[in-house]
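Engineer: Got a structure here, written out as structure tokens. Questions coming.
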Amino acid sequence: MQLKITTDYAIRMLKYLACKDGVIQSKEVAEQMGIPVKYLINLGGRLKEGGLINTHQGKYGGYTLAKAPEDILIYEVMCVMGDPINVNPYSKEKKQSDITIKDRQISKFYNRTQNRLLQVFSKQTIADLRDEQV
């Protein structure tokens with residue numbers, strides 16, 4: 001499993017906003033977090049649609065968090081960015097009737113692993129990243 005770069009950028013952007021007060025311009029976020037400005041602007045649209053940030057128009061426009069950093073789960077960010085956790089290749093590629101007994105054993109292992117990852121990402125918040133508690 002590897003997160004998409006888009007998800008990584010989203011997490012970076014949210015972490016940066018969590019560390020700052022007020023409206024933060026896209027240029028500042030991009031420079032400080034190593035994200036191309038055009039990419040960040042598109043990312044901002046997706047995060048706004050997902051209810052994670054607010055956008056502010058005008059000369060001094062930019063972004064703010066739509067919720068408290070403690071209320072933004074890393075897993076929620078992953079879902080908004082279309083990057084859910086899926087480590088089980090058997091869950092989508094094969095019908096259950098086509099899976100052999102050996103495959104089922106391996107599939108159970110993958111499911112347990114996936115559930116553990118879900119637990120980790122569902123407990124970590126942007127505030128944890130901000131406070132370096134991860």
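Engineer: Among the residues of region 1-11, which ones are assigned to a helix (DSSP H, G or I) and over 9 Å from the mean Cα position of the chain (by Cα)?
Structural biologist: Of the residues in region 1-11, the ones assigned to a helix (DSSP H, G or I) are 5-11.
Passing the criteria: only Ile5.
Engineer: In region 1-38, how many are surrounded by fewer than 15 Cβ atoms within 10 Å (Cβ to Cβ) and aromatic (Phe, Trp, Tyr)?
Structural biologist: Number satisfying all stated conditions: 0.
Engineer: Something else: From the residues in region 56-78 that are touching a strand residue (DSSP E or B) at 6+ places or on another chain (Cβ under 9 Å) and modelled with pLDDT under 95, which one is nearest to Arg12 (Cα to Cα)?
Structural biologist: Residue satisfying both the conditions and the ranking: Gly62.
Engineer: Here's something else I'd like to know. Here is a check on your reading of the model: is Lys94 at pLDDT below 75 and either touching a Pro at 6+ places or on another chain (Cβ under 7 Å) or surrounded by 12 or more Cβ atoms within 10 Å (Cβ to Cβ) (or both)? Show your work before the answer.
Structural biologist: On the way: at pLDDT below 75: yes; either touching a Pro at 6+ places or on another chain (Cβ under 7 Å) or surrounded by 12 or more Cβ atoms within 10 Å (Cβ to Cβ) (or both): yes.
Taking the combined requirement at face value, the residue satisfies it.
Engineer: Then there's this: Of the residues that sit in region 42-85 and are in contact with a Lys or Arg (Cβ under 8 Å, 6 or more places away or on another chain) and part of a strand (DSSP E or B), which one is farthest from Ile126 (Cα to Cα)?
Structural biologist: That would be Thr55.
Engineer: Output the residue which, of all residues in region 97-134 that are outside any helix (DSSP H, G or I) and modelled with pLDDT under 85, is surrounded by the most Cβ atoms within 10 Å (Cβ to Cβ).
Structural biologist: Looking only at region 97-134, we keep the residues that are outside any helix (DSSP H, G or I), and these are 99-100, 124-125, 131-134.
From what's left, modelled with pLDDT under 85: 99-100, 132-134.
Details: Ile99: 16, Thr100: 11, Glu132: 6, Gln133: 9, Val134: 10.
Going through the qualifying residues, I end up with Ile99.
Engineer: In region 40-85, which residue that is under 11 Å from the mean Cα position of the chain (by Cα) and among the acidic types (Asp, Glu) is most open to solvent (accessible area, probe 1.4 Å)?
Structural biologist: Checking each candidate, the answer is Glu76.
Engineer: A further question follows. Of all residues in region 12-41, how many are free of Cβ contacts under 8 Å to residues at least 12 places away in the same chain and either within 13 Å of Gly62 (Cα to Cα) or in a helix (DSSP H, G or I) (or both)?
Structural biologist: Filtering region 12-41 for residues free of Cβ contacts under 8 Å to residues at least 12 places away in the same chain gives 20-21, 27, 30-31, 36-38.
In the following step, the residues that additionally are either within 13 Å of Gly62 (Cα to Cα) or in a helix (DSSP H, G or I) (or both) were identified as 20-21, 27, 30-31, 37-38.
The qualifying residues number 7.
The values are calculated or read from the model by the stated rules, or taken from the named source; none is laboratory data. Remember, it's a predicted structure, so these values are computed and weren't measured experimentally. Because the Cβ atoms are built from the backbone with ideal geometry, glycine has one as well, and the counts that use them run over all protein chains shown. The area values use the complete protein model at the heavy-atom level, side chains included, leaving out ligands, DNA and RNA. Shrake-Rupley method; radii C 1.70, N 1.55, O 1.52, S 1.80 Å.
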